[in-house]
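A.B. asks: The structure's right below; bear with me while I get my questions together.
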Amino acid sequence: MWDTFRALHPLLTLIYPKAVSPMIQSMLNMYKEGGWIPKWPNPSYTNIMIGTPGDAIIADAFARGFRNYNLKEAWNAIYKDAMTPPEGDAHKRWADRAPWTSYEAREGLTYYKKLGYVPADKTNESVSSTLEFALEDYCVAQVAKGIGKEKEYRFFMKRSKNYRNLFDPKTGFMTPRLSDGSFYSGNPKKYAAFTEGSKWTYLFCVMQDVPGLIKLMGRNSFISKLDENFSGGHYAYDNEPENHYHYPSLYDWVDQPWNADTILTNVVEKNYRDTPDGITGNDDCGQMSAWYIFTTLGFYPVCPASGEYAVGRSFFPKVTLHLTAPGKNTFTIIAQNFSTKNIYVKSIELDGKPLHSLFLKYSDLYNHKVLEFDVTDKLGEAMDYR
């Protein structure tokens, strides 16, 4: 689920909606029998990967209107994930795929609740865990808001800002922090603070609050770091942290969508081919395939439970979605002047009216009929929101 919460589950809400609520109910059955929502059942609990991605899956489905499961039980389960440290949390180091001791849930949650971050000298993968806990707090907050728990909503939204506690303005990166409050600047191998990535991989992993991250880093610094992430060879497309968070789409937040057009075109052409090795890397239970489908449609669900998509470019002249739940609609994506060379978007219209934004709402897919891109091969003609 650490892989599939990112794009696969959001895609199922569009193309296989009848499976969404039953999957959640299955997760809740596991919670009833074992005490926790699993993060990677195989076939029972495993301590593989970090955080509690089930929170994001449930919250995203909830935000999209799926309710055919025990909602009270779902709230109790994600609230437990967010508030109850795993057994022995205060003295276990925890590590991905470590020998079995007990279910780790949100490893280091004891410290996260006290300090606002997971300290590197107490728990492995501390930076990655802190950032994902903050994202999951945002997801839990959306469910709290939807069921009328305003106090809990405010609490978890405040905690969703905890990413700020690991940003070191001296280095400009999310940095391991020790339990005494100091940032650690020594050998990065000493504390293994990142999960399947580096400081570059996790610098932008704040999808629940991109505007807040831009303000924290400074707009110019944000753009220059984003540019360097791609130009400097730091972009690890073929693994989930950067793959899911759709780093090219971050240019939407700084009104430079043409950069995303270029990068996404290169990624799709190089990593998705009609050959036996057509997907670069491991498909990871459908995550990489789901990424491709969303990207080539022209929009991507960057942040779970937000009900929002970042708009990119369409890779096909025409695609029609026959949507059936929670409502019914036929939604068509058209690329006028389509060709493989025309990779830049000149304009976007929704039902014939200009889209004065680089974002779509989930509800737009049900309340409108046609999303139309006008594309060109000339960079100078690309949309400019500045």
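The values are calculated or read from the model by the stated rules, or taken from the named source; none is laboratory data. The structure displayed is predicted, hence computed values, not measured ones. Here the Cβ is made from the backbone with ideal geometry for all residues, glycine too, and neighbour counts use every protein chain on show.
A.B. asks: Scanning for something surrounded by 22 or more Cβ atoms within 10 Å (Cβ to Cβ) and touching a strand residue (DSSP E or B) at 6+ places or on another chain (Cβ under 7 Å), does the range 207-214 turn up at least one residue? Walk me through it before giving the result.
C.D. replies: Here is the first cut: in the range 207-214, the ones surrounded by 22 or more Cβ atoms within 10 Å (Cβ to Cβ) are 207-208.
Imposing the further condition that a residue be touching a strand residue (DSSP E or B) at 6+ places or on another chain (Cβ under 7 Å) reduces the set to none.
For the range 207-214, residues surrounded by 22 or more Cβ atoms within 10 Å (Cβ to Cβ) and touching a strand residue (DSSP E or B) at 6+ places or on another chain (Cβ under 7 Å): absent.
A.B. asks: Being outside the structural domain of residue 16 (by TED's automatic domain parsing) and in a loop (DSSP other than H, G, I, E, B) is the requirement here; does residue 237 meet it? Lay out the reasoning, then the answer.
C.D. replies: On the way: outside the structural domain of residue 16 (by TED's automatic domain parsing): yes; in a loop (DSSP other than H, G, I, E, B): yes.
So residue 237 fits the description; yes.
A.B. asks: Next question, about the same structure. Working carefully through the options 192, 144, find the one that is on the phi > 0 side of the Ramachandran plot and touching a residue at least 40 places away in the same chain (Cβ under 8 Å).
C.D. replies: On the way: 144 fails: on the phi > 0 side of the Ramachandran plot.
Result of the check over 192, 144: 192.
A.B. asks: Here's a check for you: in the range 62-114, which residue that is among the β-branched types (Val, Ile, Thr) and buried (at least 17 other Cβ atoms within 10 Å of the Cβ) is farthest from residue 46 (Cα to Cα)?
C.D. replies: The initial filter retains those residues of the range 62-114 that are among the β-branched types (Val, Ile, Thr), namely 78, 84, 101, 110.
From what is left, the residues that are buried (at least 17 other Cβ atoms within 10 Å of the Cβ) are 78, 110.
On the way: 78: 18, 110: 20 Å.
Looking at the filtered set, the residue picked out is 110.
A.B. asks: Filter the range 336-385 for residues that are basic (Lys, Arg) and without any contact (Cβ under 8 Å) to a residue 40 or more places away in the chain and give the result. Lay out the reasoning, then the answer.
C.D. replies: Restricting attention to the range 336-385, the residues satisfying the condition of being basic (Lys, Arg) are 341, 346, 353, 361, 369, 378.
Across the range 336-385, the qualifying residues are 341, 346, 353, 378.
A.B. asks: Same structure, new question: Which one of these is small (Gly, Ala, Ser), at pLDDT below 95 and over 29 Å from residue 284 (Cα atoms): 198, 185, 179?
C.D. replies: Working: 198 fails: over 29 Å from residue 284 (Cα atoms); 179 fails: at pLDDT below 95.
Every option except 185 fails the conditions.
A.B. asks: Okay, moving on. Among what's in the range 115-125 and is of a type in the set (A, V, I, L, M) and buried (at least 21 other Cβ atoms within 10 Å of the Cβ), pick the residue that is farthest from residue 23 (Cα to Cα).
C.D. replies: Looking at residues that are of a type in the set (A, V, I, L, M) and buried (at least 21 other Cβ atoms within 10 Å of the Cβ), I get 120.
A.B. asks: Among the listed residues 243, 239, which satisfies the condition of being closer than 30 Å to residue 278 by Cβ, in contact with a helix residue (DSSP H, G or I) (Cβ under 7 Å, 6 or more places away or on another chain) and polar (S, T, N, Q)?
C.D. replies: Working: 239 fails: in contact with a helix residue (DSSP H, G or I) (Cβ under 7 Å, 6 or more places away or on another chain).
It is 243.
A.B. asks: A further question follows. Looking only at the range 267-296, how many residues end up being in contact with a helix residue (DSSP H, G or I) (Cβ under 9 Å, 6 or more places away or on another chain) and part of a helix (DSSP H, G or I)?
C.D. replies: Result for the range 267-296: 16.
A.B. asks: Pick from 221, 249: which is among the polar types (S, T, N, Q) and crowded, with 19+ Cβ neighbours inside 10 Å?
C.D. replies: Working: 221 fails: crowded, with 19+ Cβ neighbours inside 10 Å.
It is 249.
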